[in-house]
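See structure below.
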Amino acid sequence: MKTFNVAVVGATGAVGEEMLRVLEEVNFPVAKLVPLASARSVGKEVEFKGEPVKVQELTEEVFEQEDIEIALFSAGGRVSAHFAPFAAEAGAVVIDNTSHFRMDPEVPLVVPEVNPQDIAAWRNKGIIANPNCSTIQMVQALKPLDDAFGVKRVDVATYQATSGAGKSAMEEMVMQMKDFFAFKLDESPHEVFPHQIALNVIPQIDRFMENGYTKEEMKMVNETKKIMHKEIEVAATCVRVPVLRGHSEAVTIWFEGPVDAAKARRVLEEGKNLVVVDDPENLAYPMPIMVVDRDETFVGRIRQDLYRDNVLHIWVVADNLRVGAATNAVRIAQKWVELEYDQ
Ligand SMILES: NC(=O)c1ccc[n+]([C@@H]2O[C@H](COP(=O)([O-])OP(=O)(O)OC[C@H]3O[C@@H](n4cnc5c(N)ncnc54)[C@H](OP(=O)(O)O)[C@@H]3O)[C@@H](O)[C@H]2O)c1
């Protein structure tokens, strides 16, 4: 069986660490693992398959030097913009977690449960983009519903965990909680978020655009259309909540015709990597605490609109670091291997 030299760019970060765990768990055919990060991390080690592996500095040459075949990038948009072309030039397929290449018409934007066929376009630039974490879990739930009933419009409000903004964001929230219990929350600094996040919710993720929506909201709008190959109308309100891990979404879906909630539930139960938890009598519904370390997207609170027979409301929760980033990237890599080597 063919094995691959795999680089993880951003290996010391929240997503990068999860990449290493997922590669290990799915027993990805790794010949050599090369963890890369900034000069700050040189000398550090990460663990892979029980062995310590030295972190190397990301450079323009490292992909060629290490003969990298698959490069998983999650070190920020600017890092990908500069270094991903060097990895591709060295012959690697780049799977990029940042937003930098997502809307490039030559770069496929892939959620393997939804549009695996788009991976074939990887040769255009040698790059495949991984969508935004909030988009991934939403389109996973939308896809089977769209196939069955035809989706026209989606209104979504997100409840996004602090880990979505990286390790320092999680630390900022934990520090503020500690300061709260030490009665000094009003002195606690906020550097990652625009306001205090502990005991608060912030209706702003990423910067504001000219149209009044945030960049995060516009990612959900534009990426959904690109992945689903359909002009679905999307209106998003993205909100940061004081949760460490696991994004939640209240999703209102407008269909082309009448849709019955019971039928939709059956369709969702059959959906790839979806788990339906929807038992109000027993107070069972998805919550962030139950999705940590899980690779499925959880759906519940499936109910009919009170006024319109073509509208449903659902609640979608997933681990943003796995489903929303690392697991999706590794699943793309697995599909790419199938496409290139297993035919
Ligand atoms: N968190 C999520 O849920 C999520 C989901 C989807 C996509 N993403 C995207 O993934 C990327 C990383 O997110 P994260 O949450 O893992 O952030 P993070 O915890 O802050 O980690 C950032 C990683 O990037 C590395 N890095 C930063 N600047 C670098 C540079 N100039 N050269 C080389 N490496 C550099 C860091 O290395 P050092 O330790 O050496 O600084 C670290 O390994 C972001 O673009 C983010 O938008 C995140």
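The values are calculated or read from the model by the stated rules, or taken from the named source; none is laboratory data. Note that this is a predicted model, so its numbers are computed, not measured. Ideal geometry is used to build each Cβ from the backbone, glycine not excepted, and the neighbour counts take in all protein chains shown.
The table that follows gives values for the structure above.
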{"read-out": "Selection from region 92-107 of residues that are crowded, with 20+ Cβ neighbours inside 10 Å and over 12 Å from the mean Cα position of the chain (by Cα)", "value": "92, 93, 94, 95, 100, 101, 102, 107"}
{"read-out": "Whichever residue in region 56-72 is within 14 Å of the ligand (Cβ to nearest atom) and under 24 Å from the mean Cα position of the chain (by Cα) and, among such residues, is nearest to residue 3 (Cα to Cα)", "value": "71"}
{"read-out": "Candidate set from region 305-341 (those that are among the hydroxyl-bearing types (Ser, Thr, Tyr) and surrounded by fewer than 16 Cβ atoms within 10 Å (Cβ to Cβ)); member that is nearest to the ligand (Cβ to nearest atom)", "value": "341"}
{"read-out": "Selected residue [assigned by TED's automatic domain parsing to the domain that holds residue 222, of a type in the set (Lys, Arg), over 24 Å from residue 255 (Cα atoms) and surrounded by fewer than 20 Cβ atoms within 10 Å (Cβ to Cβ)] from 125, 152, 167", "value": "167"}
{"read-out": "Test: residue 81 is away from the ligand (no atom under 12 Å from the Cβ) and among the small types (Gly, Ala, Ser)", "value": "no"}
{"read-out": "Lone unmet requirement of (1) of a type in the set (Lys, Arg); (2) in a helix (DSSP H, G or I); (3) under 20 Å from the mean Cα position of the chain (by Cα) for residue 272", "value": "(2)"}
{"read-out": "Selected residue (only one of 167, 125, 143 is within 16 Å of the ligand (Cβ to nearest atom) and of a type in the set (Lys, Arg))", "value": "167"}
{"read-out": "Residue check, residue 156 in contact with a Lys or Arg (Cβ under 9 Å, 6 or more places away or on another chain), within 20 Å of residue 299 (Cα to Cα) and of a type in the set (Val, Ile, Thr)", "value": "no"}
{"read-out": "Subset of region 105-155 (residues that are of a type outside the set (Val, Ile, Thr) and in a loop (DSSP other than H, G, I, E, B))", "value": "105, 106, 108, 112, 113, 115, 125, 126, 130, 131, 132, 150"}
